[in-house]
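The next block holds one structure in the form of structure tokens; read it before the comments.
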Amino acid sequence: MPKRLWSVIERSFHPDKQLHHETIFTIGNGYLGTRGTFEEGFAQDSPSTLVHGIYDHAPGMLVPELVNAPNWLPIRITVDGTPFRIITKTSDFMRPPEGHVLGFERVLELDRGVLTRDVLFRAASGNIVRLIFERFASLHNQHILAQRVRIIAVEGSPVIELESALDGSVTNAGVAHWAQDMHVLTDGDVIALGARTQQSAYTLGIASQLICAHPMPVPETDDRLKPAMRTVVQIQPQTEAVFDKLTTIFTSRDVAAPLETALSALEAAAHSGYDRLYADHAAEWKKYWDSSDVVIEGDDECQLAVRFTLYHILITAPRHDENASIGAKTLSGLGYKGHVFWDTELFALPPLTLTQPRLARNLLMYRYNRIEGARHKAQANGYEGAMFPWESTDTGEETTPQWSDVQPDGSRIRIWTGDTEQHISTDIAYGVWQYWRWTGDDDFFVQHGAEMILDTAVFWGSRVEHINGRYELSQQIGPDEYHENIDNSVFTNRMVVWHMQIALRTLDWLKVHAPADHDRLVAQLNLTPERLAKWADIIDRMYIPFDQEKQIHIQFPGFFEMEYIPVPDYTPRTSSVQAILGHARSIQTQVIKQADVVMMMALLGDAVGSHEVMVNNWNTYYPRTDHGSSLSPAMHAWVGARLGLMEEAYDMFHHAAHIDLHDNKGNVRDGMHAAACGGVYQALLFGFCGLQLGDDGPKIVEPRLPEHWKQVSFGVYYRGKRHTFVVKNPV
Ligand code: IFM
């Protein structure tokens, strides 16, 4: 396979794309993520390292957020006294002495999780050097971060001064989370920081060593929070100098004494050396791709994009942690404050369930370990059972802000999702059920999964309203968040029926296969015969809004009485139709934010209705959807492919696969879209390839590939055994 299909390449630097590229060039290892900021910095850059689980609720903030950890990247270099930096027309006018960037290339190697930058630089002296920066977050040992800088004397014999630092003065876009009394240490060739978050009191230790000819500590300056080491070397013509910087990081979530542990781990890492660490890291990546890769023949552009989306899921999925999960923006940016949404269970989880089941289990355990938070939420709202939070952090309590940030006109908008976007409890049950079906992990199911499915079913049993002989759900937000607090969202009502069905099936299975656990859960969750009879009744009599005449599902009663806006007329556009019409008007229209009825069709497939109903639903809702959310296109690609609408399906797939690479929504500076990444995999396998899980295992049903694709090959795990498939387009 040509190498370029594993490499995301930036061939010249454009400051206006800087923040977008910082996000997409994030490296990570399931423990932390570090954005692709330059070692030497750049004006208005946004360096951030986010470590799973380290949240803090700063004074004045509405909700807790994932904390930006001390920056481990800083390496500053001068060449014959000229500071090395990426000089562009907009940044170069003030700072003598002058230097010139003669060439620039940055490459993210997806197969190995390594970011490199290659720059040709002429110093004011006239000497020319080539600088090759390389960095990775070890997948083999998640506490090790490694950097290498090779400086090659292309012309002349330059004197290089290199300073390596840690920066503890970082904030979350101005919000300080670290207490200022950091422990700063400079000892021989080692620098270190010990830090504590202000409210949550997590501690973090980070230690770094510069490995080269003559490292010397830099005398303490006013910048106490930025300990540094420095070295000076003259390079002979046509030779190179190599500088390795190794860093270790631990938090109080991992060990009792993070700083001390970071220091001793650093010693061991330095003993191994960069090359050994690199080899171990690359070997782990090979294992990841051996399980997770999908090969598309006939579409190089989408091939690279698919690998890119999988890479970002893999670097953010916790490897050794059952108390962390994937935030909506992964670990690549501060957007959504590192909060965990339904994006995890319905979008990011499935590729892991199928190809990295151990990682999928970690994500579900994160929810299980927070089920008390879900019980609090149910109780606080007057319900029974477990009602998972719409936005979740370390505690598992509801952390959706009730108000938006201040708008340009000074107002704040009320955010209702934490109150009424309740389908998340069923989304989590769906993730559990699919994980169990694919993996056959009975131990997980009996000990944890069943309890989640059942206690969330208890919640719904107490939540439904019995009105006029049927069950209804008032005051909901379905996936289409433009329409808030509506009654009888068809997505939610129908998914609740599914939830009741699998809750009863769970009990039946437990009764036969794990009777003691069946009895334990029945007693613990108070699953009385009356309660179970009500669940069966909900299955029979839940109100599913449906127009018999038109043979379509109704997104919610009243939807079609609102103003019709033909969304395709608003083409081309760079913002959502909602942004064009304004919030107040668009909520009075039929413009839909994201796959809603279509999402239901993706999740439930044929169970939703006949082919005719599915096509009618598509024809009704597709032209009304503005894909204001990144979650939408992939779900449309999935369903479109199942319905044989190949042009629309490919269009949606291509869009979804490039949301982050091409910054299709203009907001990638805030972080990757985890859900879009996971959705792309599902559209590809479940949509185009027709992958289904039958009673005997995975099978391909009516595959429909885009016309120009030759074939798609992939492997998935079913009950611990790998099944490989090659889906070909008929010639
Ligand atoms: O969970 C999503 C939601 O469906 C749409 N708005 C953004 C959230 C986080 O990605």
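The values are calculated or read from the model by the stated rules, or taken from the named source; none is laboratory data. As the structure is a prediction and not an experimental result, all values here were calculated from the model. So basically every Cβ, Gly included, is an ideal-geometry build from the backbone, and we count neighbours across all protein chains shown. The accessibility values were calculated without ligands, DNA or RNA, using every heavy atom of the protein model including side chains. Shrake-Rupley method; radii C 1.70, N 1.55, O 1.52, S 1.80 Å.
Do we have THR203 as open to solvent by 30 Å² or more (accessible area, probe 1.4 Å) and within 27 Å of THR26 (Cβ to Cβ) here? Break it down into steps so the answer makes sense when it comes.
Details: open to solvent by 30 Å² or more (accessible area, probe 1.4 Å): yes; within 27 Å of THR26 (Cβ to Cβ): yes.
Yes.
Among the residues of the stretch 321-340, what is the count of those that are more than 13 Å from the ligand (Cβ to nearest atom) and aliphatic (A, V, I, L, M)?
The qualifying residues number 3.
Count, please, the residues in the stretch 706-731 that happen to be surrounded by 11 or more Cβ atoms within 10 Å (Cβ to Cβ) and either part of a loop (DSSP other than H, G, I, E, B) or of a type outside the set (Lys, Arg) (or both).
Here is the first cut: in the stretch 706-731, the ones surrounded by 11 or more Cβ atoms within 10 Å (Cβ to Cβ) are 706, 709-719, 722-723, 725-729.
Going one step further and asking which of them are either part of a loop (DSSP other than H, G, I, E, B) or of a type outside the set (Lys, Arg) (or both), we end up with 706, 709-719, 723, 725-727, 729.
Total satisfying the criteria: 17.
In the stretch 45-82, how many are open to solvent by 10 Å² or more (accessible area, probe 1.4 Å), polar (S, T, N, Q) and in a strand (DSSP E or B)?
2
Name the one entry in LEU225, LEU185, LEU263, LEU277 that is surrounded by fewer than 23 Cβ atoms within 10 Å (Cβ to Cβ), in contact with a Gly (Cβ under 7 Å, 6 or more places away or on another chain) and among the aliphatic types (A, V, I, L, M). Give the steps one after another, and end with the answer.
Working: LEU185 fails: in contact with a Gly (Cβ under 7 Å, 6 or more places away or on another chain); LEU263 fails: in contact with a Gly (Cβ under 7 Å, 6 or more places away or on another chain); LEU277 fails: in contact with a Gly (Cβ under 7 Å, 6 or more places away or on another chain).
It is LEU225.
Listed here are the residues, each with its yes/no results for (1) at pLDDT 95 or above; (2) open to solvent by less than 20 Å² (accessible area, probe 1.4 Å); (3) within 30 Å of the chain's Cα centre (by Cα).
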residue	(1), (2), (3)
LEU131	yes, yes, no
PHE136	yes, yes, yes
HIS140	yes, no, yes
GLU161	yes, no, no
GLY174	yes, no, yes
TRP178	yes, yes, yes
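State yes or no: is ALA192 within 25 Å of HIS320 (Cβ to Cβ) and either of a type in the set (D, E, K, R) or exposed (fewer than 15 other Cβ atoms within 10 Å of the Cβ) (or both)? Quick ask: steps written out before the conclusion?
On the way: within 25 Å of HIS320 (Cβ to Cβ): yes; either of a type in the set (D, E, K, R) or exposed (fewer than 15 other Cβ atoms within 10 Å of the Cβ) (or both): no.
For ALA192, the condition - within 25 Å of HIS320 (Cβ to Cβ) and either of a type in the set (D, E, K, R) or exposed (fewer than 15 other Cβ atoms within 10 Å of the Cβ) (or both) - is not met.
State which residue is surrounded by the most Cβ atoms within 10 Å (Cβ to Cβ) when the search covers only the stretch 464-519 and only residues that are within 16 Å of the ligand (Cβ to nearest atom) and part of a strand (DSSP E or B).
Restricting to residues being within 16 Å of the ligand (Cβ to nearest atom) and part of a strand (DSSP E or B), the top hit is GLN476.
Any idea which of (1) near the ligand (Cβ under 9 Å from one of its atoms); (2) buried (at least 23 other Cβ atoms within 10 Å of the Cβ); (3) more than 28 Å from VAL712 (Cα to Cα) is the one ASP343 doesn't satisfy?
Only one criterion is unmet by ASP343, namely (3).
Among the residues of the stretch 306-316, are any away from the ligand (no atom under 11 Å from the Cβ), closer than 18 Å to GLY373 by Cβ and surrounded by 23 or more Cβ atoms within 10 Å (Cβ to Cβ)? Walk me through it before giving the result.
Of the stretch 306-316, the ones away from the ligand (no atom under 11 Å from the Cβ) are 306-316.
From the residues that got through so far, the ones that are closer than 18 Å to GLY373 by Cβ too are none.
The answer is no, given that none of the residues of the stretch 306-316 is away from the ligand (no atom under 11 Å from the Cβ), closer than 18 Å to GLY373 by Cβ and surrounded by 23 or more Cβ atoms within 10 Å (Cβ to Cβ).
Quick check on this structure: which one of PHE42, PHE38, PHE104 is out of contact with any Lys or Arg (no Cβ under 7 Å at 6 or more places or on another chain), in a strand (DSSP E or B) and at pLDDT 95 or above? Break it down into steps so the answer makes sense when it comes.
Numbers: PHE42 fails: in a strand (DSSP E or B); PHE38 fails: in a strand (DSSP E or B).
Result of the check over PHE42, PHE38, PHE104: PHE104.
Could you count how many residues in the stretch 581-609 are more than 16 Å from the ligand (Cβ to nearest atom) and among the hydroxyl-bearing types (Ser, Thr, Tyr)? Steps first, answer last, please.
Here is the first cut: in the stretch 581-609, the ones more than 16 Å from the ligand (Cβ to nearest atom) are 581-582, 584-585, 588-590, 601, 604-609.
When the remaining residues are screened for being among the hydroxyl-bearing types (Ser, Thr, Tyr), the result is 589.
Final tally of qualifying residues: 1.
Return the residue satisfying two criteria in turn: it lies in the stretch 543-596 and is open to solvent by 60 Å² or more (accessible area, probe 1.4 Å) and of a type in the set (Ser, Thr, Tyr), and of such residues it is nearest to PRO408 (Cα to Cα).
Among those that are open to solvent by 60 Å² or more (accessible area, probe 1.4 Å) and of a type in the set (Ser, Thr, Tyr), it is THR574.
Taking the stretch 610-636 as the search range and keeping residues that are assigned to a helix (DSSP H, G or I), among the polar types (S, T, N, Q) and more than 13 Å from the ligand (Cβ to nearest atom), which one is nearest to LEU346 (Cα to Cα)?
If we filter the stretch 610-636 for residues that are assigned to a helix (DSSP H, G or I), which is where we start, we get 611-624, 632-636.
Imposing the further condition that a residue be among the polar types (S, T, N, Q) reduces the set to 616-617, 619-620, 632.
Cutting the leftovers down to more than 13 Å from the ligand (Cβ to nearest atom) gives us 616-617, 619-620.
Numbers: ASN616: 24, ASN617: 21, ASN619: 24, THR620: 24 Å.
Only one residue fits best here, namely ASN617.
Does at least one position in the stretch 583-591 carry a residue that is at pLDDT 95 or above, assigned to a loop (DSSP other than H, G, I, E, B), in contact with a helix residue (DSSP H, G or I) (Cβ under 7 Å, 6 or more places away or on another chain) and not acidic (Asp, Glu)?
Taking every residue of the stretch 583-591 in turn, at least one turns out to be at pLDDT 95 or above, assigned to a loop (DSSP other than H, G, I, E, B), in contact with a helix residue (DSSP H, G or I) (Cβ under 7 Å, 6 or more places away or on another chain) and not acidic (Asp, Glu).
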